[in-house]
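Reviewing the structure listed below.
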Amino acid sequence: MAFESGDKAKAYWSENVRLMLILLSVWFVVSFGCGILFVDELNSIRMGGFKLGFWFAQQGSIYVFVCLIFIYVWLMNKLDAKYGVREE
Amino acid sequence: MDVQTLTIIMVGASFALYIAIAIWARAGSTKEFYVAGGGVHPVANGMATAADWMSAASFISMAGIISFIGYDGSVYLMGWTGGYVLLALCLAPYLRKFGKFTVPDFIGDRYYSQVARRVAVLCAIFVSFTYIAGQMRGVGVVFSRFLEVEVATGVILGGIVVFFYAVLGGMKGITYTQVAQYCVLIFAYTVPAIFISMLMTGNPIPQLGFGDKEAGTEVFILDKLDGLSRELGFTEYTSGNKSTIDVFFITAALMVGTAGLPHVIVRFFTVPKVRDARKSAGWALLFIAFLYTTAPAVATFARVNMVNTINGPEAHGTEYAKAPSWIKNWEKTGLISWEDKNGDGKMFYSGDERNEMKVDRDIIVLANPEIADLPAWVIALVAAGGIAAALSTSAGLLLVISTSISHDLLKRDLAPDISDKKELMFARIAAATAIVFSGLLGIYPPGFVAQVVAFAFGLAAASFFPAIILGIFTKSMNKEGAIAGMVTGVLFTTAYIVYFKFVDPSANNAEHWWFGVSPEGIGTLGMMLNFVVSIVVSRMTPSTPIEVQELVESIRFPKGSGAAHDH
């Protein structure tokens, strides 16, 4: 067992799942939300030559995706260290 | 030097590079053949994953599709990138910790069942073959246009090169050639895009350029394009034609399908640590994003450019006799054609009855440098890039097919006693056979190749994804549930696609679709069905054995991944 106790293992897993769900809700909002469901509403806002909804669908969502993964990597590394389950 | 000589030089040089890498990175054991020894640096793996992922379809076709359907094309942009978030957060780290070689490995072990393993093997092989036929075709098309050889000759040449590094080097050879191929293809994609962006807006960054004003005017490019679209009877470029529910379902199917594709997942078995698997997914998406955020810019520029060249600045049409050379060059390939309906000797392109042009969407990327009058070496570069994209994806898929046969089917199922050396030999034979077979599919493409692309994603979404997710995030999911779910998902998705694509294609419209979801998006519904059936069935059948529950516990944290990898 890599964890000090069963409780620690449970706590690690629930923090992991919570982090995942938070990041996935951002993932959902920028793509399915801004890019698809509310695209018409957002299109009434302009950012230079872009309509905002269109921009999210073809540019913005992708930038957010990249950031989400690196944020996940960073936070998970911290979590691993906190619970002492980091690989050597 | 003319375009053809330059193309031969560039393509030849890139081939020489790939073969040199193949000889340097020969695989000596099955572990090197299947997962490159598990020692690939996460950034290198990210690059290899990006090349593996971006196929001839991404390189050649995607910008063209977006160019023709505008906003609706966003489904591909979001779908084929958003899947990596799912991969990084929900799959890659856990599968890496599990530490075997393939997706069927995981399904078979986690669900303690040879039946589940065989279902997974069948799905993996089917998905990969569907995909690879299109790749070999892509190689053939690029060869035939740029080097003016027969499609068949092109396919055979490409096949020989892939044979070299896939059969010799296995995953090790493939990984390092894919790194080189990524560099070639991204350079080939962005250079013309930067040129065109400069030309049309004066902004050197295409991602910003297509939100800019047209050079020398006060009109935004996208507004101009919306205006042109309205005048010519097309749908406005920045709004779509598809219903919101369909866009939603297609995007979801592509995202989930991406996360469930075996040739993508297997790349995360090649890095040394669990945290490398996470990081590697981030690098992969970053490298993919360079192309995927450039594509919509290329699409916009190319659209404006093409309409202007064909219809002329006054939008009265251009005389065919004075047509630019690219139109005549590409007429030979049949990708563009003109029929003088009103007999005025002028070409005209529109979305209504005035239209006289037939334009294939693949032309957008391939002919773009010619349309924009870029130097010959840029055109040659695009040819080398297109071939790199097609070859890198083919190689990754070939490996999945050969591993499925030698490892999943023979070693783990039918002939568990074979030695490592013998298994390696079978892997090479399987890879070689698969190359010949897919080459034949490329030379004699069955009419349904284009039709079944949606199939690969729908199938991956409806089969693997729920089984893997439930296998990681629940301990109670048992073999009965998983098998029932996979079979239901696959059968439902297959039946829906086959019905609308082959049995009754005339009914393939929103009126007849269930909930307005097209066959492209049905994988999402198949996936939901899979989840529901799996959970219901698992509640009614015996619970999972204790050792499987321990396996699930052990993949949920990173420590000790090295040990797991050596079995």
Problem set entry | Cβ-based charge dipole, segment B:404-527, positive-most Cα from B:SER463, B:SER404, B:LEU491 | B:SER404
Seminar exercise, completed: Per the charge dipole of segment B:154-239 (beta-carbon charges, Lys/Arg positive, Asp/Glu negative, Cα centre), the residue among B:GLY211, B:GLN181, B:SER229 reaching farthest to the positive end is B:GLN181
Exercise. Assigning unit charges at the beta carbon (Lys, Arg +1; Asp, Glu -1) and nothing else, what dipole magnitude in debye, to the nearest 20, does segment B:165-269 show about its Cα centre?
Worked result: 600
Exercise. Over what distance in Å are the Cα centres of segment B:145-189 and segment B:46-79 separated?
Worked result: 19
Exercise. Rounded, prolate or oblate: which one fits segment B:115-198, using the alpha carbon gyration tensor with axes a ≥ b ≥ c (rounded when a/c is under 1.5, else prolate when a/b beats b/c, else oblate)?
Worked result: prolate
Seminar exercise, completed: Dipole check, segment B:1-133, charges on Cβ (K,R +1; D,E -1), about Cα centroid: among B:VAL115, B:PHE129, B:TYR71 the Cα furthest to the positive pole belongs to B:VAL115
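Among B:VAL161, B:VAL219, A:VAL64, what is the fewest-to-most ranking by other Cβ atoms within 10 Å? Before the final figure, lay out each step's value.
Numbers: B:VAL161 21, B:VAL219 13, A:VAL64 18.
By the 10 Å Cβ count, ascending: B:VAL219, A:VAL64, B:VAL161.
For segment B:304-354, what class follows from the C-alpha gyration tensor (a ≥ b ≥ c being the square roots of its eigenvalues): rounded when a/c is under 1.5, otherwise prolate if a/b is larger than b/c, else oblate? It would help to have the intermediate numbers written out before the result.
Values: a/c = 1.44, a/b = 1.26, b/c = 1.15.
Rounded shape, in that the Cα axes give a/c under 1.5.
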Exercise. Expressed in whole Å with the largest first, what are the equivalent ellipsoid semi-axes of chain B derived from the C-alpha gyration tensor as the square root of 5 times each eigenvalue?
Worked result: 42, 27, 21
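With 26 Å as the cut-off, how large is the P(r) tail for segment B:451-567, expressed as percent of Cα-Cα pairs? Present the calculation step by step, with values, prior to reporting the outcome.
Working: 2351 of 6786 pairs.
Counting pairs separated by more than 26 Å, the tail of P(r) holds 35 percent.
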Problem set entry | Charge dipole magnitude, Cβ of K and R +1, D and E -1 - segment B:179-335, Cα centre, debye nearest 20 | 860
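How would B:HIS407, B:HIS512, B:HIS41 line up from fewest to most surrounding beta-carbon atoms within 10 angstrom? Intermediate values should be presented prior to the final figure.
On the way: B:HIS407 24, B:HIS512 12, B:HIS41 16.
Going from least to most buried by this count: B:HIS512, B:HIS41, B:HIS407.
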Problem set entry | Nearby aspartates and glutamates by direct alpha-carbon distance to B:LYS475 (threshold 18 angstrom, same-chain neighbours under 8 apart not counted) | A:ASP7, A:GLU15, B:ASP105, B:ASP109, B:GLU547, B:GLU550, B:GLU553
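Hey, fewest Cβ within 10 Å first, where do B:THR175, B:THR524, B:THR217 land in order? Mind showing how you got there, number by number?
Values: B:THR175 30, B:THR524 25, B:THR217 10.
In order of increasing Cβ crowding within 10 Å: B:THR217, B:THR524, B:THR175.
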Exercise. So, with +1 on the Cβ of K and R and -1 on the Cβ of D and E, and no other charges, what is the size of the charge dipole of the protein assembly as shown about its Cα centre, to the nearest 20 debye?
Worked result: 2020
Exercise. Which trypsin sites (Lys or Arg not before Pro) from segment B:316-385 combine a DSSP loop assignment with at most 15 other Cβ atoms within 10 Å?
Worked result: B:LYS332, B:LYS341, B:ARG354
Exercise. How much space per residue, in cubic angstrom, does the convex hull of the C-alpha atoms of chain A take up?
Worked result: 101
For this session: Taking chain B as the reference, fit the longest principal axis to its C-alpha atoms, fit the long axis of helix B:3-24 to the helix C-alpha atoms, and give the angle between the two in degrees, 0 to 90, nearest 10.
Result: 10
Problem set entry | Anchor B:LYS31: aspartates and glutamates whose Cα lies under 13 Å away (excluding residues fewer than 8 positions away in-chain) | B:ASP420, B:GLU423, B:ASP566
Exercise. Across 10 Å bins from the origin, how do the percents of Cα pairs in segment B:268-330 run, short distances first?
Worked result: 18, 26, 18, 14, 14, 9, 1
Problem set entry | Degrees, to the nearest 10: B:274-311 long Cα axis against longest axis of chain B | 20
For this session: Just the ratio, please: alpha-carbon radius of gyration of the protein assembly as shown over 2.2 N^0.38 Å, N its number of residues.
Result: 0.95
Exercise. Roughly how tilted is helix B:244-260, in degrees to the nearest 10 and between 0 and 90, from the longest Cα axis of chain B?
Worked result: 50
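Throughout, read-outs are computed from the coordinates displayed, never taken from laboratory work. Fair warning: this is a prediction, and the values are worked out from it, not measured in the lab. As a convention, Cβ positions derive from the backbone with ideal geometry for all residues, glycine included, and neighbour counts pool all protein chains shown.
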